[in-house]
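Before any comments, here is the structure.
The values are calculated or read from the model by the stated rules, or taken from the named source; none is laboratory data. All values reported here derive from a predicted model rather than from experimental measurement. So basically every Cβ, Gly included, is an ideal-geometry build from the backbone, and we count neighbours across all protein chains shown. Side chains included, ligands, DNA and RNA excluded: accessible areas come from the protein's heavy atoms. Shrake-Rupley method; radii C 1.70, N 1.55, O 1.52, S 1.80 Å.
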Amino acid sequence: MDTAWEKRLDQAWGAFEEYGEDRAAEFRGLIDALVDELPEGSPVAPFERACAFDSTGHSDRAVPLYREALERGLDGYRRRRTLIQLSSSLRNIGRPEEGVALLTPELDAPSDELDDAVRATLALCLAGLGREREGLALVLGALAPHLPRYQRSMGNYARALTDG
């Protein structure tokens, strides 16, 4: 990706809060203008459009765009973000089981800075299916390494929630 384009995209997202609900369409227009600069067929284009819809309260419109980004071969860091955000959007529109199916394999994916987001979103999807204990176990397991104390205890509590 062009680093100048990525910088302008980051600046647009950095200004997101300035738009507010009453200017959501204007923000989506800003993102649309940026992604229109991408080559035809770019998987980044539907991903960024999906993010804009998702962030402005339109999970239903984001879902097909996230799927399109994946179908176009989105990879790397954005692919993992897509799985997290798609799962969250699916949960928001009443399809948490699809979110669980997308994120469960990510528990075994190579580790990166999105690991905790995977677990948190998966926990929400599990809770949407009435599987709160499993979700709580995931969240406690993700939290434990960040605690200054009680890491071992919280890790054990997390395992106990699903072991028996």
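Before we move on, is LEU90 within 22 Å of GLU48 (Cα to Cα) and either touching a helix residue (DSSP H, G or I) at 6+ places or on another chain (Cβ under 9 Å) or buried (at least 20 other Cβ atoms within 10 Å of the Cβ) (or both)? Working first, answer last.
Values: within 22 Å of GLU48 (Cα to Cα): yes; either touching a helix residue (DSSP H, G or I) at 6+ places or on another chain (Cβ under 9 Å) or buried (at least 20 other Cβ atoms within 10 Å of the Cβ) (or both): yes.
Yes, satisfied.
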Determine if the stretch 87-105 includes at least one residue that is in a helix (DSSP H, G or I), among the acidic types (Asp, Glu) and at pLDDT 95 or above. yes
Pick from the stretch 2-25 the residues that are closer than 19 Å to VAL44 by Cβ and of a type in the set (Phe, Trp, Tyr): which of them is most open to solvent (accessible area, probe 1.4 Å)? TRP13
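For the stretch 112-139, name all the residues that are at positive phi and either part of a helix (DSSP H, G or I) or surrounded by 18 or more Cβ atoms within 10 Å (Cβ to Cβ) (or both).
Step one: of the stretch 112-139, the residues at positive phi are 130.
Answer for the stretch 112-139, where residues must be at positive phi and either part of a helix (DSSP H, G or I) or surrounded by 18 or more Cβ atoms within 10 Å (Cβ to Cβ) (or both): there is none.
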When (1) assigned to a helix (DSSP H, G or I); (2) modelled with pLDDT under 95; (3) open to solvent by 50 Å² or more (accessible area, probe 1.4 Å) are applied to ALA158, the one that fails is (3)
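Of the residues that make up the stretch 63-75, is at least one basic (Lys, Arg), open to solvent by less than 60 Å² (accessible area, probe 1.4 Å), part of a helix (DSSP H, G or I) and in contact (Cβ under 8 Å) with a residue 12 or more places away in the chain? Explain how you work it out, then say what you get.
Of all residues in the stretch 63-75, those basic (Lys, Arg) come to 67, 72.
Now drop any that are not open to solvent by less than 60 Å² (accessible area, probe 1.4 Å), which leaves none.
Looking through the stretch 63-75, none of the residues is basic (Lys, Arg), open to solvent by less than 60 Å² (accessible area, probe 1.4 Å), part of a helix (DSSP H, G or I) and in contact (Cβ under 8 Å) with a residue 12 or more places away in the chain.
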So ALA142 ticks every box in (1) at pLDDT below 95; (2) open to solvent by 40 Å² or more (accessible area, probe 1.4 Å); (3) among the hydrophobic types (A, V, I, L, M, F, W, C) but one. Which box is left unticked? (2)
For the stretch 54-81, what are the residues that are more than 20 Å from LEU114 (Cα to Cα) and more than 13 Å from the chain's Cα centre (by Cα)? THR56, GLY57, HIS58, ASP60, ARG61, PRO64, LEU65, GLU68, GLU71, ARG72
